[in-house]
Amino acid sequence: MNEIWLPIQGFVGLYEVSDLGRVRSLDRRVCDSRGFFRHLRGCVLKPQSQPSGHLHVNLSREGVKHQTLVHDIVTRTFLGVKPKGAWVRHLNGAHALNSLWNLEYNTPQVNVTDMYVHGSRKTGSSSHLAKHSTALVTRIRKLKGSASSQVVAEKLGVKARYVRRLWANEIRRYGT
């Protein structure tokens with residue numbers, strides 16, 4: 001399989017992107033601060049990782065740097081302009097894999113559903129919003145009817161209001 005390289009819109013003659021998600025600069029002559037022309041040899045850029053796992057590269061044009069997500073470059077170049085309201089979807093959930101076969105435009109709802117399917121969206125006690133473990137919630141639910149919410153709350157070190165809300169099924173896990 002041959003890698004297909006196309007020029008990046010807005011950076012034609014400076015950078016290209018491949019269908020495998022790689023970005024490269026092209027050979028070019030640039031004028032330095034003293035007015036002398038230098039020859040810059042093109043190379044494949046090394047993308048940087050963001051905390052979310054997405055990759056970005058810095059593209060430069062006329063002395064101005066533009067930090068751009070690799071998946072945005074690949075989709076814009078090979079799939080065209082992103083439809084209004086659409087997101088770029090990584091089909092297998094790997095944000096660092098920006099090959100064309102792994103990317104498509106889709107709705108935010110489909111993208112969020114994918115996060116749950118791929119396990120990249122933290123839920124339950126693994127979420128940063130969780131205040132209590134699954135085991136504690138289960139224990140509180142089992143104690144319903146055995147004592148007052150105040151007694152259960154004092155015994156387990158939580159608020160009585162939280163216990164009452166769990167028993168009434170007003171909340172599932174996240175308490176106040």
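The values are calculated or read from the model by the stated rules, or taken from the named source; none is laboratory data. No experiment lies behind these values; they were computed from the predicted model shown. All Cβ positions, even for glycine, are placed from backbone atoms using ideal geometry, and neighbour counts span all protein chains on display.
Among the listed residues Gln50, Gln67, identify the single one that is surrounded by fewer than 11 Cβ atoms within 10 Å (Cβ to Cβ) and under 30 Å from Val110 (Cβ atoms). Break it down stepwise before answering.
Working: Gln50 fails: surrounded by fewer than 11 Cβ atoms within 10 Å (Cβ to Cβ).
Criteria check complete, one pass: Gln67.
Within segment 29-127, considering only strands (runs of 3 or more DSSP E) that don't extend past its boundaries, which have at least 1 residues that are in the same structural domain as Tyr15 (by TED's automatic domain parsing) and touching a helix residue (DSSP H, G or I) at 6+ places or on another chain (Cβ under 8 Å)?
55-61, 87-90, 103-106
On the given criteria, is Phe37 in contact with a Lys or Arg (Cβ under 6 Å, 6 or more places away or on another chain) and either among the aromatic types (Phe, Trp, Tyr) or within 21 Å of Asn111 (Cβ to Cβ) (or both)?
yes
Checking Leu91 against (1) farther than 17 Å from Leu6 by Cβ; (2) loosely packed, with under 13 Cβ neighbours inside 10 Å; (3) not small (Gly, Ala, Ser), which test does it fail?
Just one mismatch for Leu91, condition (2).
How do the pairs read when you match residues in segment 141-160 that are β-branched (Val, Ile, Thr) with residues anywhere that are part of a helix (DSSP H, G or I), using Cβ under 7 Å and keeping only pairs 6 or more apart or on different chains?
Once the first residue is β-branched (Val, Ile, Thr) and sits in segment 141-160, its partners that are part of a helix (DSSP H, G or I) give Val152/Ile140; Val152/Val163.
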